[in-house]
Amino acid sequence: MKDQIIETVTALFSGADERDWTKVKNALAENVELDYSSMTGNPASLVSSGDIITAWRGFLPGFDKTHHQLADFYVMQNGSVALVHYYGKAEHFIGDECWIVEGTYDTELIETNGKWIITKHKLNLIKQDGNMDLPALAAARVSEQG
C-alpha cells in the first residue's frame, strides 16, 4: 500500500519533468489544496487539477529541462487517508543556468476506487539557489511560443 502512495507522489513530479500532463492529472484529485506560501508568500488555496496543469504548462516548458529528486519518504496511513512527508530538490535549467528549489513536502492523499490521489500538497521551503531570474524567463519563453 505504501508503495502505491509513494508511486503517486513520484508520478506528480516525474510527470512534470516529462511534461506528461495526463500523468500529472492522474496523480491529482479534482481539487487540491495547494500551499507554496513558504516560497511565494501567497496563502494556501483550493485549486482545480486543470488549473494546476494550466499553470505548470505556462511555466515548466520554458525551461530546457527540469529534474526533481525526492527522498526520505515517511508515510502515515490511516485507512483511506495517507500523509506523506519527504525531501525534494528541483533543478530548473535554461542553458548553463540553473534555479534550484529545496525543501520538504507534506502531501495528503486519499484512496478512491483502489487508487491513491493527491488532495493536499504543501512545500516547506528550505532554500532557493542559483539564477533567481529563470522562472520569469521560462514563463516569457512559453508565452513567446504560444
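Matching residues to (1) loosely packed, with under 13 Cβ neighbours inside 10 Å; (2) free of Cβ contacts under 8 Å to residues at least 40 places away in the same chain; (3) farther than 26 Å from LYS25 by Cβ:
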position	(1), (2), (3)
ASP96	yes, yes, yes
ILE100	no, yes, yes
GLU111	no, yes, no
THR119	no, no, no
LYS122	no, no, no
ASN131	no, yes, yes
LEU134	no, no, no
ALA138	no, no, no
GLU144	yes, yes, no
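Considering the stretch 81-94 alone, what residues qualify as being farther than 19 Å from GLU18 by Cβ and touching a residue at least 40 places away in the same chain (Cβ under 8 Å)? Passing the criteria: ALA82, VAL84, TYR86.
Answer yes or no: is there a residue in the stretch 70-78 that is open to solvent by less than 20 Å² (accessible area, probe 1.4 Å), more than 20 Å from LEU34 (Cβ to Cβ) and in a strand (DSSP E or B). Yes.
Candidates are the residues of the stretch 81-94 that are open to solvent by 50 Å² or more (accessible area, probe 1.4 Å) and in contact with a Phe, Trp or Tyr (Cβ under 9 Å, 6 or more places away or on another chain); the one that is nearest to LEU134 (Cα to Cα) is TYR87.
When ASN113, ASN78, ASN131 are checked against the criterion of being more than 22 Å from GLU7 (Cα to Cα) and out of contact with any Ser or Thr (no Cβ under 8 Å at 6 or more places or on another chain), ASN131 stands alone in meeting it.
The residues of the stretch 24-54 that are surrounded by 13 or more Cβ atoms within 10 Å (Cβ to Cβ) and either closer than 22 Å to ASN131 by Cα or touching an Asp or Glu at 6+ places or on another chain (Cβ under 7 Å) (or both), listed by number, are TYR36, SER37, SER38, MET39, ALA44, SER48, SER49. Per this entry, ASP51 is counted among residues that are outside any strand (DSSP E or B) and of a type in the set (Asp, Glu).
Out of everything in the stretch 8-21 that is touching a residue at least 40 places away in the same chain (Cβ under 8 Å) and charged (D, E, K, R), what residue ends up being nearest to HIS85 (Cα to Cα)?
Narrowing the stretch 8-21 to residues touching a residue at least 40 places away in the same chain (Cβ under 8 Å): 8-10, 12-14, 16-17, 19.
Narrowing the set further to residues that are charged (D, E, K, R) leaves 17, 19.
Details: ASP17: 20, ARG19: 24 Å.
Ranking the candidates gives ASP17 first.
One residue stands out in the stretch 65-94 among those that are of a type in the set (S, T, N, Q) and in contact with a strand residue (DSSP E or B) (Cβ under 9 Å, 6 or more places away or on another chain): the one that is nearest to ALA27 (Cα to Cα), namely SER80.
I'm trying to understand the selection: among the residues of the stretch 88-146, which are assigned to a strand (DSSP E or B) and among the charged types (D, E, K, R)?
Taking the stretch 88-146 as the starting set, the residues that turn out to be assigned to a strand (DSSP E or B) are 88-94, 97-112, 115-130.
Hits for the stretch 88-146 are LYS89, GLU91, GLU97, GLU102, ASP106, GLU108, GLU111, LYS115, LYS120, LYS122, LYS127, ASP129.
Consider the stretch 55-69 and keep the residues that are of a type outside the set (A, V, I, L, M, F, W, C) and crowded, with 18+ Cβ neighbours inside 10 Å. The one that is farthest from LYS89 (Cα to Cα) is GLY62.
The values are calculated or read from the model by the stated rules, or taken from the named source; none is laboratory data. In this text, all values refer to a predicted model and were calculated from it rather than measured experimentally. Note that we place each Cβ from the backbone using ideal geometry, even for glycine, and neighbour counts take in every protein chain shown. Ligands, DNA and RNA are excluded from the accessible area calculation, which covers all protein heavy atoms including side chains. Shrake-Rupley method; radii C 1.70, N 1.55, O 1.52, S 1.80 Å.
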